[in-house]
Each structure stands twice: as structure tokens, then as C-alpha cells.
Amino acid sequence: MTQALFRAASSLALAAATPALAQEVAGHDADIVVTAQGDNQTQVLRRGQVGVLGTQDAADVPFAIRSYNAALILNQQPQTLGQVLENDPSVRTTYGFGNAAEQFVIRGFTLFGDDIGLDGLYGITPRQLVSPELYEQVQVLNGASAFLNGAAPGGSGIGGSVNLIPKRAGDRDLMRATANYTESGHVGGAFDASHRFGDGSWGVRINGAYRAGDVAVDDEFRRNAVLGGAIDYRGSNLRLSLDLAYQRVTVRRLRPKVTIATATIPRVPDADANYAQAFTYTTLRDLFGTARAEYDVAPNATLYAAFGARDGAEEGLYSGLTVTDAATGAATGTALYVPRTDNNEAANAGIRVTLASGGITHRVNIGASHVWQVNRNAYDFRYGPGFAGFATNLYATPQVALPASTLVGGNLADPFPISRTRLGSAFASDTLGAFGDRVLLTAGLRLQSIAVRGYAASDGRQNSRYAEDAVTPVVGLVVKPVDGLSLYANRIEGLSQGPTAPTDATVINPGEIFAPFRSTQYEVGGKLAIGRFNASLAAYTITLPSAYAVADPGGSGLLRYGVYGEQRNRGIELGLDGEIARGLRLIAGASLTDADLREQATVALDGNTAVGVPDYLANANLEWDLPFARGLTLTGRVVRTGRQQVNAANTLEIPAWTRFDLGGRYVAVVADRPLTLRVNVDNVANRRYWASAYDSFAQALLQGAPRTVKASVSMDF
């Protein structure tokens, strides 16, 4: 690692100090450097796609929304979507149980990778790992969004949503080539090209990336190949776009999460330790795309429609370990082989009309959406005799042979459908504006239907059916008393599939289907814009029901399954971003979260803190364009995460942790073209820490990444 850091730092220093590499920075060259530095500024955009309301400025909507731009992705060199979202003070990243599937915790509730939006459509984004190179913006909407986006197919997104905007041709032509390196041997390159034709109405953009090799975790190998293309048309009344993409990801020896079966938390292994088995791997392949059209049927009315599809295939040999002795690290390991395919489609269409009368404006939006998903998978549990697993150790991990099959479900060679999901909705809203749109009141309703058919893993026969609907309203108010200040409040709901009472001889109502779970959010906040600096403050409360079985009130002696409990999350969020002085930019914020379990099946759990929800988060990312060294920018970031509960009884917790990142980039002029060199060092202190305790199935911990050196060089032609 030391040699890698030395080489990367030397490259940056050489570029800054050697006049033979670049022409003297003066006159025309100085203009090139200034332009390139401006294009490379990492930014948070206070606007984004607010679901069916379309793309809006944050100041005009009663919700907390922000977008991270492509320059941030280029400069920080993230390899996954989770590494982009590390910049957000209300989001933390964890993994699924045993596999390489990123999940995100927003306002204390999980957002599955399956429920990441692509240009406003669900189910089209690759579901486990997303390579960020293909996207112009990563948009984060804090809070429930059942009206704005519809119910998420995976049932998550109660605390917030993420939407990705593909890259399309801009107003200026682009031709960029990038070479990059990540320790300890992960190398690759990328290209990005765009052009507008004729009068600029037609645009084409093509970009791709390939990188492969070991990363900073010992013997963890990753390979990513992505290719994206976009064609768009901008006419006077008609706008069209077509986005197509291919992504293939391979991960071998992913460092797994650690399940805790002890009364104490084990000490954290070395920062770069890998306790994975050599037989583990994940292979993901996705072909996906969207088509979108907008037509202005009148100066004040626009018809819109979008369609997207995704064909995904994945397979993996996943492995986990459960620590049984916290002192020695003794553990048992398991293995599971899962082949899976997904065929998803999504569509929405509607009309937006702007009206004005008597000093009151109306923005009316009426439309419908639909999502179709088919999941095919099978499984091969390789736990060994009696599901006992194999002996392993957290601190001195032996490599073992792959255990024999213990239980096989489905056709491993050609999996049949396990679930078919259909989500349909119709929506209508009106945003009334008064006093020159200084007061904006939004009200809307969405009728949502959820239909899911489940099939037995053994023979593919249908064994369950869920079909329910619900109406989710929204009310939001924005008041702008002075220029640059926006105060807002909202009441909005989240929606997810309701439970079905289990088939059990002790349950009096087996098979009873319950209405979709509707979480309720109340939020108030404010947004302030002063020049190029923005600040926001929000306070919210979200209540999500939960289901369990209780003694039958009718005295039958059996149990009755129903919706009795809830989780209530309350919090405060602060966000800061922009230029605080000439050449000095800040992305920062903090959030406090109180996540309480209420009316639980076990009375002793009432009032306890929900598992895996940090009590506070804080981030600060700083960029400084050195005035005495033209072309040189220094960067630094601190990420702070509060303590987290590991079990519902709150007898186990992981402590707060802090991570520091440093970096720099330098713009030189070579052959009259800008050349940008970047070096980033994440987790400079190489601190070892448990990063997350959030998991849907077990008491499981995710270890934070070790010190990682990343370097790249980009040339614009």
C-alpha cells in the first residue's frame, strides 16, 4: 500500500512541478485550466426529478431533494453507488445477507437495490451493484414517496428514494478518456463522448468503463464492465430520448457480513482482513434501457410517456459466517448457490397542464403507471450434514472445500418463476400558486394496486396470491416569504405489500391477507439559498406498522396474527453545500434520528431503539482551489456515524466511528488540451471499524473498508 500511495502522490506532484510536461500556464492555457477546473467542480444540485411532479427546483417543492453530479463521480472515483451516497449525511450503506447487494438506510429505513429508480421508473436499474459511471446525476429524495413514485416493488423506500439520471449529450461536445487505478491492483479505463448534430436538436452520447483486479481488502477481486448509449431529440414542441445500457459485474471473495451469536461484540479484524472463502463469487449481468417522450400539445399542456425494460441474470456462491466465540473468533460458515433471472418492465404516462385565473395558478398532473416483474430463481443450500455448517474463524480464516448440497429448491440449470409482481396506479394532483407563486399548495391522490403471485420452489406451482389496493394522499405547502428562503411542510405516505398470516396450526387466521402497509410522514423544514451557497433544515416523523401474532382475544386458545406494532422514527436533518468563499466549496450536513419500537409483541422491547439505525450522522466534504497554484485542488472529507444497536433487546451495540479521506487533483495543459490527474485516499488512518449493524434477517455486522488509494488521469480531446 505504501508503494501505491507513493506512486500515486508522485504522479500528482510531478504534474504540478514539471513544466516540461505541460505548457506554461499563461494566457490561453490559463483559460483552459480555469474552464477545466470549473467543469470538474463536485456539486450538489438543489433540484431533481420529484416523481410524477417532474423535474423541479428544491425551493418549489415541499420535500427534501438534492442531486450529486457527474463531476463528483468522476473526481471521487467511486466504484459503486454506495460510495457516491457516502457524501450524503442522511444515508448509510450496508449489504444484503451473504451477497454483494448494496442496501441503503435513509431516515432509519432500508432502501433495497431493487428499488432504485432509473429516470423515474422502478425495476430497471441493476439490482445488486450499480456502477456509477453511466449516470449524470444521483438524486436523493428524503422521506416517503408513495404518491410521487408509487409503491416500490421490493417494499422498501419508506425513509427515502434514490433516482439515477442517465448521461445524455449536453450543449458542448465531449471527448474524454480516463485511466484509473485502485489499490492493490485494480486497474482500468473509461471513455465518454457526446455530440449534437445540425442545429443541435439531435444528440448522441456514448460512454463506458472497464476495470478489474484486487481491491484493498485482501484477495477481494472485482471486475466491472459497463457501456451506455443515449440518443435524444430537442424540438420546439417534441422531446425524445432513448437510453440503453449494459453492465456486467464479477466479485470474487467478497468480504461477508458477520452474524453475531454471542453475548458480546467481537473485536474488529484488521482493516484489510478477508474472512471469505475462496469458492465464493457473484456474477451479475444486466441489459436495460428507457424510452421517453414529451409533447407540448399547447403552450400550457404537455403530454408525457416513458417505458423501460431490464433483462437481468445473476448467479453466485454466497457464504456467511456466524461468530460463536467473540474472544477467539470461532465461527461456523455456510454456503448457498443461487441462480436468478429477472424480466422487468415499467411504464408511466400522463399530462401536465398549467392554468391561471384570478391571480391563482394551477399545475395539474394526471396520469398512470404500471410495473411488471418476473423473478426466476432456485437455490442450493450447502450447509453440510444437519445444516451444521463448517468450522471457520473470524481472525484466522481457514480455507475449506465447498460443502456438499444439503437442500436444493427449483431447477438450478433453468430456474422457473418464483414470483410475478404487478403494480398499477392512477394519480392526480394540483399545485396551486398564489401571490406570484410565493405560496404553493400541492394536493394529490394515487390509487395503487399491488398484485403478487408466489410459486413453490420445489415444483413451480402457484402457492400464494396477494391482491390489494390502497389510496395514498399527499398534501404539501411551500411558502417563500423572501427571495432565497423557502419554508415547507408535508404529509405523505409510504406504501408496501401487507403481510399474510402464516399457515400454522397455532394460528386461528392462517392465510389472511392484510392491506398494504402505509407509513405516515409529517415533515417541516426550510431551504435557504444565498448566492452559490445553500442550506436546508428539516424535522420529520415517520410511523411504520408491524405485524405479529397475539393470543386470540376470543379465547380460542390459539394465536391471531395481525397488525399491532409499529416503528416510529423521528429526526432532524441539516444540509449545507456550495461555495463558501472563492475557490472553496463545501458539501456537509448532519442528521439526528430517534428510531423507537412501539407496541411490540415482547413488551420488554417497547421503547427500544430499532436495530442498525445510527443515532446521528455527520459528513463534511471540502474542496479548495489553491489560489497560489493554478490548476491544483485539494480535497478532504470526514464521515461520522453514531452508535448502532445490534439486537432488538438493545443489549449489543457497535460504537460510533469516524473516517477521514484526503485527495487532490491537478489540471495541466498538454497539446492544448486539459489533462486532469486525481489522487484520493479513503480512510487515511486505515481505521478498522464495524460500519453497519443493519440487516433484514439476523444480527449481522458489516466491516468498514480499509485505507484505499485511488488514482486516475483524464484527457479531454
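The values are calculated or read from the model by the stated rules, or taken from the named source; none is laboratory data. All values derive from a computational prediction rather than experimental measurement. A quick note on method: Cβ atoms are made from the backbone with ideal geometry, for glycine too, and the neighbour counts reach across all protein chains shown.
The table below lists the values:
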{"quantity": "Yes/no for residue 518 being farther than 20 Å from residue 573 by Cβ, part of a strand (DSSP E or B) and in contact (Cβ under 8 Å) with a residue 24 or more places away in the chain", "calculated": "yes"}
{"quantity": "Single unsatisfied condition, residue 97 versus (1) under 12 Å from the mean Cα position of the chain (by Cα); (2) among the aromatic types (Phe, Trp, Tyr); (3) surrounded by fewer than 23 Cβ atoms within 10 Å (Cβ to Cβ)", "calculated": "(1)"}
{"quantity": "One residue from 597, 586 being among the hydrophobic types (A, V, I, L, M, F, W, C), under 23 Å from residue 526 (Cβ atoms) and assigned to a strand (DSSP E or B)", "calculated": "586"}
{"quantity": "Close pairs from the stretch 618-632: first acidic (Asp, Glu), partner crowded, with 17+ Cβ neighbours inside 10 Å and not in a strand (DSSP E or B), Cβ under 7 Å, at least 6 apart", "calculated": "623/42; 625/37"}
{"quantity": "Residue among 284, 242 that alone is surrounded by 17 or more Cβ atoms within 10 Å (Cβ to Cβ), under 26 Å from the mean Cα position of the chain (by Cα) and of a type outside the set (Phe, Trp, Tyr)", "calculated": "284"}
{"quantity": "Neighbours by Cβ (under 6 Å, 6+ apart or cross-chain): first from the stretch 285-310, of a type in the set (Gly, Ala, Ser); second surrounded by 19 or more Cβ atoms within 10 Å (Cβ to Cβ) and assigned to a strand (DSSP E or B)", "calculated": "289/243; 306/292; 306/348; 308/121; 308/290; 308/346"}
{"quantity": "Residues of the stretch 352-385 that turn out to be in contact with a Lys or Arg (Cβ under 6 Å, 6 or more places away or on another chain) and of a type in the set (Val, Ile, Thr), as a count", "calculated": "2"}
{"quantity": "Out of 274, 300, sole residue that is of a type in the set (S, T, N, Q) and under 18 Å from residue 216 (Cβ atoms)", "calculated": "274"}
{"quantity": "In the stretch 617-661, residue nearest to residue 582 (Cα to Cα) [restricted to those that are part of a loop (DSSP other than H, G, I, E, B) and of a type in the set (A, V, I, L, M, F, W, C)]", "calculated": "626"}
{"quantity": "Tabulated pairs, the stretch 208-220, first in a strand (DSSP E or B), second among the hydroxyl-bearing types (Ser, Thr, Tyr), C-beta under 6 angstrom, 6+ apart or interchain", "calculated": "214/184"}
{"quantity": "2 or more residues among the polar types (S, T, N, Q): qualifying strands (runs of 3 or more DSSP E) within the stretch 342-419", "calculated": "360-377, 390-393"}
{"quantity": "Test result for residue 268, touching a residue at least 12 places away in the same chain (Cβ under 8 Å) and touching a helix residue (DSSP H, G or I) at 6+ places or on another chain (Cβ under 7 Å)", "calculated": "no"}
{"quantity": "Residue within the stretch 84-101 that is part of a helix (DSSP H, G or I) and either at pLDDT 90 or above or not β-branched (Val, Ile, Thr) (or both) present", "calculated": "yes"}
{"quantity": "Residue in the stretch 638-646 that is of a type in the set (A, V, I, L, M, F, W, C), farther than 22 Å from residue 77 by Cα and either surrounded by 17 or more Cβ atoms within 10 Å (Cβ to Cβ) or touching a residue at least 24 places away in the same chain (Cβ under 8 Å) (or both) present", "calculated": "yes"}
{"quantity": "From the options 340, 352, residue that is touching a residue at least 60 places away in the same chain (Cβ under 8 Å), under 30 Å from residue 404 (Cβ atoms) and among the basic types (Lys, Arg)", "calculated": "340"}
{"quantity": "Residues that are assigned to a strand (DSSP E or B) and buried (at least 16 other Cβ atoms within 10 Å of the Cβ), drawn from the stretch 445-470", "calculated": "446, 448, 449, 450, 452, 453, 454, 455, 466, 470"}
